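Structure first, then comments.
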Amino acid sequence: MNYHTITVRTLTLGDGRPKICVPITARNRAELGEQLLKVRAVPCDMVELRADYYEGDPIGELAALREQMPKMPLLFTFRTKAEGGERAIALEEYASLNRRAAAAADLIDLEYHLGAEFLRGLCRELQESGVKVIASFHDFQKTPEADALVQLLCTMQELGADVTKAAVMPRKDGDVWTLLRAAAEMKEQYADRPYIMMSMGRLGGISRLAGTLTGSAVTFATAAASSAPGQMDARLVASVLAALGE
């Protein structure tokens, strides 16, 4: 297995140290300004614009973020309603929005559930424009078996994503161990590029802090409102990672 890291601006993903990504969930320009102030006050390595929260056209706000944070890696994400996001969107509109985001974003999140061929094609197109692609899968109802999670991330690798991601919901303690076991298996046997794996909600909190052990390259933490169940304050996450030597 030939594992390779990826570099986004000056940030390296997959080098063994989990990076902290803070989401912005603003619904309008005023909220965006307020949240940006909070983001600047916490330790983070990346910022994610959750475009599905924004009530207008988010591309202008993405460009403004780029101007205000010229050195910070920016992740653009429109999380669809089907994957726990705020809004539904037509497939062609989703593709068009992400194409437009490529002018200012460093990374773009594309959802696996939209179809393998769609993901492969749009992934290649965005990469040719100079951005990195995170292929993502979310299950807010359950935790699939470890073998299924491993196969899912391996398929995303085959489809050409630069980073693969799976976030799942535990219903019992054993579900968290299932996620951690799948992550460790990816690290030891199958990953040839950075991946992100997390167990959501209160039960899954430990998975957001164990990136060096599990190989997960990014953990999502908050400066303001959270964008998924179980996200912790970025200051707390940074202090725990520092205490663990991560």
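Remarks
- Considering the stretch 100-117, and only residues there that are touching a Leu at 6+ places or on another chain (Cβ under 7 Å) and not small (Gly, Ala, Ser), the residue that is most open to solvent (accessible area, probe 1.4 Å) turns out to be 112.
- Some residue of the stretch 72-79 being of a type in the set (Phe, Trp, Tyr) and assigned to a helix (DSSP H, G or I): no
- Hits in the stretch 104-141 (condition: under 23 Å from residue 13 (Cα atoms), of a type in the set (Asp, Glu) and part of a helix (DSSP H, G or I)): 125, 128
- Looking only at the stretch 128-146, and only at residues there that are acidic (Asp, Glu) and touching a residue at least 12 places away in the same chain (Cβ under 8 Å), the one that is surrounded by the fewest Cβ atoms within 10 Å (Cβ to Cβ): 145
- Close contacts from the stretch 4-33, counting a first residue that is closer than 16 Å to residue 55 by Cα and free of Cβ contacts under 8 Å to residues at least 60 places away in the same chain and a second that is among the polar types (S, T, N, Q) and crowded, with 16+ Cβ neighbours inside 10 Å, with Cβ to Cβ under 6 Å and a gap of 6+ residues or different chains, come to 26/35.
- Those residues of the stretch 21-48 which are open to solvent by less than 10 Å² (accessible area, probe 1.4 Å), among the aliphatic types (A, V, I, L, M) and either touching a Pro at 6+ places or on another chain (Cβ under 7 Å) or over 19 Å from residue 220 (Cβ atoms) (or both), in sequence order: 46
- Filtered by the rule that a residue be touching a Lys or Arg at 6+ places or on another chain (Cβ under 7 Å) and either open to solvent by 40 Å² or more (accessible area, probe 1.4 Å) or modelled with pLDDT under 95 (or both), the stretch 62-85 gives 71, 81, 85.
- Within the stretch 142-158, if we keep just the residues that are in a loop (DSSP other than H, G, I, E, B) and of a type in the set (D, E, K, R), the residue that is nearest to residue 190 (Cα to Cα) turns out to be 145.
So that you can scan it fast, the table gives a plain yes or no per residue for (1) within 30 Å of residue 213 (Cα to Cα); (2) assigned to a loop (DSSP other than H, G, I, E, B); (3) among the acidic types (Asp, Glu):
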position	(1), (2), (3)
16	yes, yes, no
35	no, no, no
39	yes, no, no
44	yes, yes, no
56	no, yes, no
70	no, yes, no
99	no, no, no
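- Filter result for residue 161 (at pLDDT below 90, within 30 Å of residue 27 (Cα to Cα) and in a loop (DSSP other than H, G, I, E, B)): no
- In the set 203, 153, only one residue is modelled with pLDDT under 95 and among the hydrophobic types (A, V, I, L, M, F, W, C); that residue is 203.
- A search for C-beta distances below 8 Å between a residue of the stretch 158-175 that is among the hydroxyl-bearing types (Ser, Thr, Tyr) and any residue that is open to solvent by 30 Å² or more (accessible area, probe 1.4 Å) and at pLDDT 95 or above, counting only pairs 6+ apart in sequence or on different chains, returns 164/193.
The values are calculated or read from the model by the stated rules, or taken from the named source; none is laboratory data. Quick caveat, the model's predicted, so the values are computed rather than measured. Don't worry about glycine lacking a Cβ; one is built from the backbone with ideal geometry, like all the others, and counts go over all protein chains shown. Surface accessibility is based on the protein's heavy atoms, side chains included, excluding ligands, DNA and RNA. Shrake-Rupley method; radii C 1.70, N 1.55, O 1.52, S 1.80 Å.
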